[in-house]
Amino acid sequence: MKKIVYLLTFLPLFLHAQPEANIWYFGQMAGLDFSGGDPVQLTDGAIQTFEGCATYCDANG
């Protein structure tokens, strides 16, 4: 039982997350790209709104 608790506690420390949600678009032609580590400003967004609206990409694009 102790081995199972140990694995469930420490195994997640060695897992790597997928780089999902690296590109965010929001506002009026604005976005951020987190693919390279530091955020990079994007100005090629297709969203043109003054209201609260946002989107981001997932594993499927």
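The values are calculated or read from the model by the stated rules, or taken from the named source; none is laboratory data. On a predicted model such as this, the values are computed, not experimentally measured, just so you know.
Could you check how many residues of the stretch 20-40 are within 11 Å of the chain's Cα centre (by Cα), of a type outside the set (A, V, I, L, M, F, W, C) and in a strand (DSSP E or B)? Summing the residues that are within 11 Å of the chain's Cα centre (by Cα), of a type outside the set (A, V, I, L, M, F, W, C) and in a strand (DSSP E or B) in the stretch 20-40 gives 1. State yes or no: is THR43 modelled with pLDDT of 75 or more and of a type in the set (Ser, Thr, Tyr)? Considered against the rule, which asks whether it is modelled with pLDDT of 75 or more and of a type in the set (Ser, Thr, Tyr), THR43 comes out as yes.
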